[in-house]
Amino acid sequence: MSQGLQERGALAHLSNGFRVALSRPRVVICLLALSLFSALPVAVPVYHSASAALGRFSLLGNSLDLLVSAPRWVLDAWSHPDELLKSSTQALMAPLLLMTSLFGLLVTAGWMVCALEGKGRHALSTFFEGGGHWFFPFLRTWIFGLGLYALHTWVIWGTPGDWVVEQFLPDGESTRVDSENTGRWITNIREIIFLVALLKIEIILDLARACMVVRESRSALGGFLRAIGIWIRCFPRIFRLVGVGYALEALWIAGSLSVVSWQSWPMVSLIFLLPFGRIVCRSARLCGLATFVREQIRQKNQKHTPLPDVLSEAPFVDGTAWGEPAEDPKTLP
């Protein structure tokens with residue numbers, strides 16, 4: 001295989017994504033600060049309410065143990081009297097989730113541009129300029145993704161899914177089967193299929209965005225079709241790249257919780273540790289997908305339009321195959 005067609009492993013793209021993310025600390029710190037500030041409208045009133053209602057129970061153990069293993073009646077004693085807090089929090093959550101989802105499009109575009117352009121320019125300017133340039137094309141993929149998520153949810157939990165379940169359960173009710181384990185297993189399998197399909201849609205949407213950035217195309221439909229082609233051709237490598245990225249993120253979360261518990265660190269340290277790990281791991285996945293897609297597109301172009309290493313014959317005078325070669329002045333009489 002020629003040098004231009006050599007493939008890098010999926011883990012090599014992921015490790016390069018970590019290098020891109022960690023070599024831009026100002027971008028990571030900026031995203032960390034934005035994630036913390038975006039949570040304040042909900043976190044601050046909930047914190048003050050919890051401090052007032054649960055402060056007297058803090059002597060039962062440290063704050064992390066109280067959060068994980070507190071008796072149900074303790075939390076009920078806090079939630080029932082404060083109905084206003086619940087309604088106000090629910091009213092704030094919807095616009096905050098929408099805002100963070102849309103801001104995620106800018107973050108996705110920024111990291112992909114940083115991964116493809118290198119470190120020649122200022123990191124923050126490259127990040128936000130790329131995010132702003134690709135925000136509205138990515139917004140079309142976001143709207144397209146909403147339809148895919150809705151269709152997927154209807155297929156799994158709507159009429160088609162209910163019909164499939166009825167083939168294994170009487171009237172689709174897990175309580176009417178002969179074995180309780182059978183009903184539980186069928187329900188669990190249905191939930192697993194739903195989550196795996198959600199992950200697949202998210203990966204294909206990220207691949208579509210990477211195709212748009214690499215090819216400098218603003219067509220969301222074209223990027224989606226190319227992403228499906230890359231997914232079909234390279235499914236094992238893509239799944240390995242994304243799966244290892246999610247596994248590392250899960251290990252970071254578990255490790256952070258363990259360290260805070262064992263070392264008796266203040267619980268506020270999790271406010272910085274958990275978002276930091278998520279930002280870096282997600283950035284590495286996005287950068288890895290961007291470089292992976294660029295590699296696939298370059299390989300496809302080279303296979304379809306091979307270029308000779310050495311010209312087999314001298315160029316013609318008039319640039320066509322019918323031109324006659326020029327006379328050598330030394331051979332003229």
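Residues are listed down the side, and each one gets a yes or a no for (1) modelled with pLDDT of 70 or more; (2) part of a helix (DSSP H, G or I); (3) closer than 30 Å to residue 116 by Cβ:
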residue	(1), (2), (3)
35	yes, yes, yes
44	yes, yes, no
49	yes, yes, no
56	no, yes, no
91	yes, yes, no
Practice item. Working only within the stretch 179-205, note down all residues that are touching a helix residue (DSSP H, G or I) at 6+ places or on another chain (Cβ under 6 Å) and without any contact (Cβ under 8 Å) to a residue 24 or more places away in the chain. Key: 183, 187
Practice item. Show the residue pairs that are 6+ apart or on different chains and have beta-carbon atoms under 6 Å apart, the first residue being within the stretch 36-49 and closer than 12 Å to residue 89 by Cβ, the second being modelled with pLDDT under 75. Key: 49/82; 49/85
Study note, to complete from the structure: Only one of 223, 229 is within 16 Å of residue 143 (Cβ to Cβ) and at pLDDT 90 or above, namely 223
**Study point:** Neighbours by Cβ (under 8 Å, 6+ apart or cross-chain): first from the stretch 132-155, without any contact (Cβ under 8 Å) to a residue 24 or more places away in the chain; second in a helix (DSSP H, G or I) and exposed (fewer than 14 other Cβ atoms within 10 Å of the Cβ)
**Key:** 154/160
Practice item. Could you grab me the full set of residues in the stretch 254-282 that are touching a helix residue (DSSP H, G or I) at 6+ places or on another chain (Cβ under 7 Å) and crowded, with 16+ Cβ neighbours inside 10 Å? Key: 256, 260, 270, 273, 274, 275, 276, 277, 278, 279, 280, 281
Point to revise | Flag if residue 117 is modelled with pLDDT of 80 or more and charged (D, E, K, R) | key: yes
Study note, to complete from the structure: Restricting the stretch 182-234 to residues that are within 14 Å of residue 292 (Cα to Cα) and charged (D, E, K, R), the one surrounded by the most Cβ atoms within 10 Å (Cβ to Cβ) turns out to be 209
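The values are calculated or read from the model by the stated rules, or taken from the named source; none is laboratory data. Keep in mind it's a predicted model, so treat the numbers as computed, not measured. So basically every Cβ, Gly included, is an ideal-geometry build from the backbone, and we count neighbours across all protein chains shown.
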